[in-house]
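The values are calculated or read from the model by the stated rules, or taken from the named source; none is laboratory data. Because the structure is predicted, anything quoted here is derived from the model rather than measured. Please note: Cβ atoms are built from the backbone with ideal geometry, for glycine as well, and neighbour counts cover all protein chains shown. What goes into the accessible areas is simple: the full protein's heavy atoms, side chains included, and nothing from ligands, DNA or RNA. Shrake-Rupley method; radii C 1.70, N 1.55, O 1.52, S 1.80 Å.
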Amino acid sequence: MSGNYNAPVVSTVVAVGRRHLPRGWSDLGLQLGIWFGFAVVYQVVRGIVDQRPPEVAFQHGYRVFHIETGVFSRLYELTLQNFVEQRHVLADAVSWTYWNSEFTIVGLAVLYVYLRRHEHFTRFRNSILIANAIGLVGYAAYPTAPPRMLGLGFVDSHRDGLVSFVANPYAAMPSLHAADALIVGVVLASISRSLWAKGLWAAWPGWVWFAVMATGNHFWLDCVAGAVVALVAMAVVYRRPARAALAARRS
């Protein structure tokens, strides 16, 4: 009886996979394995960084601070936070963006492209993975404390919870928030069909950069470094199709 009962259930699951998944359950399992495998690597790198004295990360953070103030003679990130803190709704918005842009939004964007724009998925996935791999190398070689931890006048209102368990507290340089937001924004803006969606995703990187600076989690120099990481990753992934498209236009 149990075998006869389970057969329709298995058939239904298989049918759902064929109907809604571009390449079936096995490919979905492979993709999940890739992402969770990367998460394990991230935790290994965090373990390496956590073994180093925190003073090293703080020294690097102060070095970024001195570079910025040496160039512009002021701390623009503190100005942004003071502006945001005077507006409760905006303060909630930037806080929400900081906590959700890197995990929730990236995860949903990857899932959407996988299910609905699957022909763009592999390059999108690879761009994010390469950017994050570069970031991980940077964190291991150059752990950097964020502005809010440096005693520079920032309000540190974080209630980390589960995020503090999985996140690296000394991962300010380069900003992967900035890197991933740029990749998500560029790809989603290019493949979206409606003008409002294109505009929303085109504005997304700028909003995320504003949010991570206004919450005291990144210097603008961290965001610049993150943007460079994203552009390098996308250049590696998209160089061949870009060359093909350019050759087609010339011909």
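Rounded, prolate or oblate for region 84-218? Axes are the square roots of the Cα gyration tensor eigenvalues, ordered a ≥ b ≥ c, and the cut-off for rounded is a/c under 1.5.
Oblate is the answer for region 84-218, as a/c is 1.5 or above yet b/c matches or exceeds a/b.
Taking amide H positions as placed 1.01 Å from N in the peptide plane, with prolines and chain starts having none, which residues 5 or more places from Ala171, or on another chain, fall under 5 Å of its amide H?
HN-HN under 5 Å from Ala171: Thr144.
For Phe58, what accessible surface area do you get with a 1.4 Å probe? Give it in Å², rounded to 10.
Per-residue accessible area (Phe58): approximately 50 Å².
Specify whether the C-alpha gyration tensor of region 182-226 places it in the rounded, prolate or oblate class, a ≥ b ≥ c being the square roots of the eigenvalues: rounded for a/c under 1.5, otherwise prolate if a/b is larger than b/c and oblate if not.
Cα axes put region 182-226 in the prolate bin.
Show Glu68, Glu102 ordered by accessible area, largest first, where the area counts protein heavy atoms only and the probe is 1.4 Å.
Glu102, Glu68
Say each of Val56 and Val155 gets a label point 7 Å from the Cα, pointing the same way as Cα to Cβ; how far apart are those two points in nm?
3.4 nm
When a/c reaches 1.5 or more, the comparison of a/b and b/c decides; with that in mind, is region 50-100 rounded, prolate or oblate per its Cα gyration tensor?
Since a/c reaches 1.5 but b/c is at least a/b, the shape of region 50-100 is classed as oblate.
Give me the distance between the Cα centres of region 100-127 and region 171-250, rounded to whole Å.
Spelled out, the Cα-based centre of one part sits 13 Å from the other.
Under a plain spin-label model, where a point goes 7 Å from the Cα along Cα-to-Cβ, how far apart in nm are Tyr76 and Leu115?
Computed distance between label sites Tyr76 and Leu115 equals 3.8 nm.
Heads up, I need the accessible area for Ser194: 1.4 angstrom probe, whole protein in place, Å², nearest 10.
Per-residue accessible area (Ser194): approximately 40 Å².
What ³J(HN,Hα) values, in whole Hz, does the Karplus curve 6.51 cos²θ - 1.76 cosθ + 1.60 give for region 121-128 when θ = phi - 60°, with x put for Gly and Pro?
Calculated HN-Hα couplings, in order: 5, 4, 5, 4, 4, 5, 4, 5 Hz.
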